[in-house]
Structure formats: structure tokens, C-alpha cells
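The structure under discussion appears below in the form of C-alpha cells.
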Amino acid sequence: MSVQLDSGVLAHLRSVDFKVEDENLDRYLQVLTQPPMFTTLRIDCSCVSKVEAEEKIKISLEKQSCKRGMAKFSMFWHRDFQDCLVLHNRGPNNVEKVEKEVMVDLACGMAILRGADIFIQGIMAAPPSLTKGDAVSVYADLDKKCLKGLTSKYTGRKLFVGNGISQVSRAEVFNAHSETLRGLGVLMTQPVYEAPCLSELSYPWLVPQNLPSIACVHALDPQSGESVLDMCAAPGGKTSHIASLMNYRGFIVALEKSNQRAKKLKQLGLHNVQVFAFDSTKALSEVAKRESGPPFPPATFDRILVDAPCSALGQRPCCINIMPLKQLGSYPVIQHRLLMVAADLLKPGGVLVYSTCTITSTENEEQVAKFLVKRPDMQLVAPHVQLGKCGLQGSQLTASQRSMVQRFDPGVLVGEASFPREDLCNVDTIGFFIAKFVKTDHKEDT
């Protein structure tokens, strides 16, 4: 099974982004429908010791496993990142389906594949005879055609994601007061893929985060006392990681264009982070004052993270992506603007990290190549820890430059290659891209 894409997007990927590595694209599209077999947890080691964190997480996971009748999850600390605890997921399992079926939407189905249970509001359809305690088979609606409250079995395209135990009756889910109901709807006891339920790991020092996102902030390598800008900060995982690595000493500005997402960022309560609802493409002004908030004058920040808006074609699992070609083409424009503004806001000698969670060369390697031409004062460098593959062939980057970027490529899992567990967790990730730059002292005219 391969991810279903818009025909125009697929044609563009084949003819432009993967024109030299077409087979690599096919592997990508196949593996994107499957969840990663590792869950990574970032631990704020300034708040808790590794020993205490591991012990508390182990106890929580054992309770989860006991409640669901699953085997315990194994865990280990990442070899290169001392703040990253890795949990080994399991699957796919051969699960025997039962008679009663519960339907959920596709987003909920993808979350189940990564360890989630089903909340009451997530139930789209259930049989009239459903009572609390019933065993149910859970399916995700692939075409968004299942009607809310359907009583008969849904006959459209659907994806089986596992079995569970209903925590409510149908009458409780679908009634005049159902919109106000909260709580657990189905406890997933036999998912096709077994992974920890992250909503039950509620510790202030723990952040569930994909490994490439953790690697991204380690590449930035922020230091105590520095001034750092996160240009696209929501939902705040990378912002909080930056603060943690700085031991909460220094000055961090988090910009987020959306007012609503900026409000949620402020709720993180990070005392050395200033959050602004602001368009980062307008964050530069020659006449601005440093102390007044955005926009800022040139050469304000020691380090800048541009975790740019992107097509998100690296997210796993994903069965269907209906993004049209026009939308795909809009991202490189905004990404280039962000990079150009970031370069001016960075101090000489400062560090800029650019990242996306997509697989296209247009948004990744070609974006870097264009930036290097436009800004000769920005030097591409390799991160001190380099986990991903080198960049795609066929781009404007040289072989040397391609070796300095990080492309997380889960497509290599399709084939006969084998990896030790400690290395497999670096491969079996979402699709992701990281490029690191250092600003030299002098800007040449272009």
C-alpha cells in the first residue's frame, strides 16, 4: 500500500523532485503509510535525572500494558542525544476482527496507529447494540463519507486499525447531549501497531517528539545566555527544547503568525521566552529597536531556527493526502522569504538551522542551493551529530554540500537492508530535512 496523492502532485514529484531517484520515491510512498516503529520522548534533564525519568516512565508504561493486556515496551537512551529516551513499538500484528464495528475519521485512525485510544467525540459510527464492555473492531474512513451516527456497517473504503473494548454504549455516544460528552470511548487492546499511549504519560519534564525534531534543535546547539529566534514556533516543542538546552538562561523570541497558536505557545509558561503573534517574513526592519519586539534590526540574534511551513509529505503514518499541486507550489516561496529575513537578523558568526517535515527537493535541497547563491555570506556546515542520509541527487547542491545536509529517509526500510536497533531508530522516522548554516563576517554583493 502506498500513500494516495493528488495526481498532479505525484507527477511533479516524479518529474521534478525525484527525477534522478524515482525508485526512492516509490519506497517513500510505501513506507509513509506505516507508523514508525519507535516512539521518542524528549526529557528535560534540567528538571529530572535520567534515572528518575526512566523509572517513572517505566512504571507508567507497565500500568498501560497491564490495562491493555500487552507485553511491556522496551526502552533505551539514544546514543547521541542524552535527552532522548527511545521506546520500541511493535507491529504489524495479525489481529482477528470481531463482529461489532466502530468507525473513526482518518486522522483518528492514524493516531491509533501511533498508540492512541479513541475519545468519545472520535466515534463516527457504531452498531445499535453497542454496550459498554463490548469488543469492537475499529476502522478509519478513508474517503470522509461515513455519516456521523451511522447504525449499519460502513461499506465504503476503510482501514482496519485494530480491536478494542468500548467504554460507552451507543446510546451514550449519540444522543441530544453527546456534543458535551468527554472521556474515553474505546480502549485499544489489540491495535495493528502497538505503541505507548502518550496521553497517559503526563509529566512536566517529558515531551513526546519525533527524533528528527529533536535532532533539529541539537543541530542549532543553543547556548546559555544567547539570543535565539524561533521564526515558526508553534506548537512549541522545538521552542521548549531550545529553552531547555539553554538551561532557561538567555533570551528566546518565538514568532507565530496565527493568533490562536501564539496564545497556546504562551500557555507553555517558559519564563525566558517572549511569544509574539507576528508574520516572520516581516520580522526585519532597519529602523527597529531591539527592545521593542518584532520587527527587529539586522544582526539581532545569535541563533535562528526556521522550521518552515511545508507540504508535510514526510509525516507518518499517512494514507491519503489531498493537497493540490497549487498548494505544493506555494511553500518554496514562503520558505525562501523566511530564510532571507533570517540571514539578515543573524549576527556574523551566528548559526541558522532550516528544517522541514517533507520529502521534496524543491523545499529542501533546491531551497538550500538557492539560498547559498543569494547569500554568499551564509556557509553550509555539517551538524556535530549527523543522523540522516545525504541530500538527494539531481539537485543544484554539489556532492560535498549534499553530504552536509540531513535527509531522514524512512524509504530505506523498504528493501533488504538491516540495521542494529540503536541505528534503526535513526532510520525509522518521519521524513525530515535539516540544513545548518553559519554566517560569515562579510556579505558579498550578488
Please calculate how many Å² of accessible area region 97-208 carries per residue, with a 1.4 Å probe and no DNA, RNA or ligand atoms counted. 46
Could you list, bin by bin from short to long, the percent of Cα-Cα pairs of region 231-351 in 10 Å steps? 12, 40, 35, 12, 2
Could you give the semi-axes, largest first, of the ellipsoid that matches region 93-166, computed as the square roots of 5 times the alpha carbon gyration tensor eigenvalues and rounded to whole Å? 15, 15, 12
So how exposed is C232, as accessible area in Å² (1.4 Å probe, rounded to 10)? 20
Lysines whose Cα lies under 17 Å from that of K97, excluding same-chain neighbours fewer than 8 positions away: K153, K158
Under a no-solvent Debye model with one identical scatterer per Cα of region 129-241, what's log10 I(q)/I(0) at q = 0.16 Å⁻¹? -0.93
Out of the total accessible area of the chain (probe 1.4 Å, heavy atoms of protein only), what percent is carbon and sulfur? 52
C-alpha center-to-center spacing [region 172-238, region 136-161] in angstrom: 26
Viscosity 0.692 mPa s, temperature 37 °C, Stokes-Einstein D of the chain from Kirkwood C-alpha radius, µm²/s: 141
Considering only Cα-Cα distances, which of the following residue pairs are longer than 27 Å: K347/K374; K58/K132; K264/K439; K263/K436; K72/K148; K370/K439? K58/K132; K264/K439; K263/K436; K72/K148
Within straight cross-link reach of K389, meaning Cα distance under 14 Å, which aspartates and glutamates are found once same-chain residues fewer than 8 apart are removed? E21, E365, D409, D423, D428
Quote the charge dipole size of region 172-285 about the Cα centre in Debye, to the nearest 20; the model charges only the Cβ of Lys and Arg (+1) and of Asp and Glu (-1). 380
Cα centre as origin, Lys/Arg/Asp/Glu Cβ charges: region 302-446 dipole, Debye: 240
Using only alpha carbon positions, build the gyration tensor of region 332-396, then give the equivalent ellipsoid semi-axes as the square roots of 5 times its eigenvalues, largest first, whole angstrom. 19, 15, 11
Measure of size requested: the Rg and Dmax of region 205-261, with Cα atoms as the atom set and Å as the unit; please supply both. 11.1, 29
Protein chains only, probe 1.4 Å: how do W77, W205 rank by accessible area, largest first? W77, W205
With every protein chain left in place and a probe of 1.4 Å, what is the accessible surface of K67, to the nearest 10 Å²? 110
re region 189-238: pairs of Cα atoms spaced beyond 15 Å account for a percent value of 64
Cα-Cα P(r), region 314-446, percent of pairs per 10 Å interval: 11, 39, 33, 14, 3
Unit charges at the beta carbon, dipole of the chain: most positive-side option, I59, L10, V414: I59
Directionally averaged projected area (convex hull, Cα atoms, region 1-129), nm²: 12.5
Less than 17 Å apart at the alpha-carbon level, and either on another chain or at least 8 residues along: which lysines does that give for K257? K238, K266, K282
With all protein chains present, calculate the accessible area of D44 using a 1.4 Å probe and round the result to the nearest 10 Å². 10
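The values are calculated or read from the model by the stated rules, or taken from the named source; none is laboratory data. Everything numeric here is computed off the predicted structure, so don't read it as measured data. Cβ: placed from backbone, ideal geometry, glycine included. Neighbour counts: every protein chain shown. SASA here: full protein model, heavy atoms, side chains in, ligands and nucleic acids out. Shrake-Rupley method; radii C 1.70, N 1.55, O 1.52, S 1.80 Å.
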